[in-house]
Structures are given as structure tokens and as C-alpha cells.
Amino acid sequence: MEVPNYGSYKDKDWPNPEKGFAAMVERLDQAVGSVLAKLAEHNIDRNTIVIFTSDNGSHQEGGHKVDFFDSNGVYKGWKRDLYEGGIHVPMIARWPGHVPAGKTSDQIWAFWDMLPTVADLVGVPAPSGLDGLSMANALLGKPQQNHEYLYWEFHERGFDQAVRMGKWKAVRRSRNEDRIELYDLPADPGETKDISDSHPDIVKRIDQIMSSARTESTEFPVRKQVGRR
């Protein structure tokens, strides 16, 4: 972890990459505090929505090990996986007088919802043709429309796909002979038990989504990578 120094963690009996990881997280926390302080200094903190989240789960790079701080808890995998450990991240929103304080929401949404959400919050039309939904109601503590499904694909290690549909989560990895794994997330958040053989109808529907939800790209040619379609 490339940090100026290990700060308050320099004397910990930890591997150096873990000292650097902790120091980096501490600096991030301090930087967020500086942003909030600056908003208050200009007396616009109650007029500003602040959203804090991550683009992926905990990483396993630069010598850092996910399990050292138990960064992903029960979730399987890490950054670059399409299991929950790679894509399920928390989000914190602050907007005094608008976003209910001290509340927790289990609303599921993704980064492609961010643009229509912000457009809705500031009162301008979102661009047409987006896959995202406005999640403004969820932020404001009101009833929220849900996605029929969420779809991901990842090309760095072949061609992996994932779908979240209600309680169901499916993953198809090219290195696993394209088998669709199926998990019941409320019952099995750690994705430990593949129940695809017990739910062929759900697997069939998700297989259709994995074909129809995507657009072929010259930058990410599936055919060249895994010989499919």
C-alpha cells in the first residue's frame, strides 16, 4: 500500500501491507471529515447531499489479504469477483432534513442508478435510454420502485456474468465451464450452497437475462475470449 507512512499503525505487529492498508483507510476517513467540515464552513452542509460508497468490495492486492481485517465478513470473494464480496458494498448518504438520520435501508441499487437519482433530486430530466432507476425515494425514506433484475459482466479473467433478481443471485464463470450457479441470498448471503439443480426454471430465466441484458462490444469481444455465441 503506497502511503507516506504507516501513521498510528507503524508499531503494530502486522505485515507492512496491512499497516499501509489501515493507514490508507484512516486517511480516507480523515479526508471525508475534511469535506464535511468544508461544507459546514460555507454553511451549505444542510443543502448538500453527500454519498459515500465504493466501486467494489475489498481488494487483495499489494500484499493485502482480505481476511486479515475480515473486510468482507460473510461475503464470498473480493474485488474482481462477481460474488457478493466483489460487488456488494455499503453506501452512506447524508442530507440533513431530507435523508432520515440513523436509519438503515436494505434497498438494492447499483451505480447505473446514480445519474437518474441525482437528476431526480435536482429536478431535471434524466437522459433517455438508461438502464438505471431513480432511487431518490429510497434515500428520502419513501416507497421505492425496484429493478426487475441487476446484471453485471466482467472480462478481465475471461467472461464472467452475474444477475441479481429478487432474492436470487446467479453467477456464471467462464473458468467453470459456463455453469450457472444459483444462490438464495437471504438464506445464504455467503453464497456457499449452489442450488441451481433444484430450481431449473429460475436458472432458465436467468440464462435468458444473461443473453438479452448485454450488448456485444468490439472492446470486449466475448467470442474471442471464451468462444461463446
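Values in this text are rule-based calculations from the coordinates and carry no lab data. Worth saying up front: this structure is predicted, and the values here are computed from it rather than measured. In this analysis, Cβ positions are derived from the backbone assuming ideal geometry, glycine residues included, and neighbour counts consider all displayed protein chains.
Think of region 1-107 as a dipole: +1 on every Lys or Arg Cβ, -1 on every Asp or Glu Cβ, centred on the Cα centre; then among 72, 82, 42, 42 lies furthest on the positive end.
Each other residue within a Cβ distance under 12 Å of residue 137 adds +1 if Lys or Arg and -1 if Asp or Glu, for a net charge of -1. Computed extension gain for residue 3 through residue 42, at 0.36 nm per residue and net of the alpha carbon distance, reaches 11.0 nm.
Other residues lying with their Cβ under 15 Å from the Cβ of residue 69 contribute a combined charge of -3, Lys and Arg counting +1, Asp and Glu -1.
Among 59, 199, 155, determine the one that fluctuates most according to a GNM of the chain built with springs between C-alpha atoms less than 10 Å apart. Checking each option, the largest mean-square fluctuation is seen for 199. Given a cut-off of under 8 Å on Cα pairs at least six residues apart, what relative contact order in percent is computed for the chain? Relative contact order for the chain comes out at 12 percent. Cross-link pairs exceeding 30 Å between alpha carbons, from the set 10/79; 79/167; 19/142; 12/76; 12/169; 65/193: 19/142; 12/169. Among residues other than residue 193 with Cβ under 12 Å from its Cβ, the summed charge is -4 (Lys and Arg +1, Asp and Glu -1). Taking only alpha carbon atoms, region 1-113 gives an Rg to Rh ratio of 1.02, where Rh is the Kirkwood radius.
Note on region 140-180: Cα-only Rg and Dmax are 13.7, 44 Å.
Consider a paramagnetic label point 7 Å from the Cα of residue 192 along Cα→Cβ; state which residues of region 78-96 have an amide N under 16 Å from it. It comes to 84-85, nothing else. Comparing 43, 56, 137 in a Gaussian network model of the chain, where Cα atoms under 10 Å apart are tied by springs, the biggest mean-square fluctuation is seen for 43. Dipole magnitude for region 13-160: about 420 debye, using +1 per Lys or Arg Cβ and -1 per Asp or Glu Cβ, origin at the Cα centre. Size descriptor for the chain, Kirkwood hydrodynamic radius: 20.2 Å (Cα pairs only, one decimal). Only one residue of 195, 180, 158 has its Cα farthest out toward the positive end of the dipole of region 147-229, where Lys and Arg carry +1 and Asp and Glu -1 on Cβ, and that residue is 158.
Loop-located trypsin sites (Lys or Arg not before Pro) across region 32-79 with a Cβ neighbour count of 16 or fewer within 10 Å are 65, with loop assigned by DSSP.
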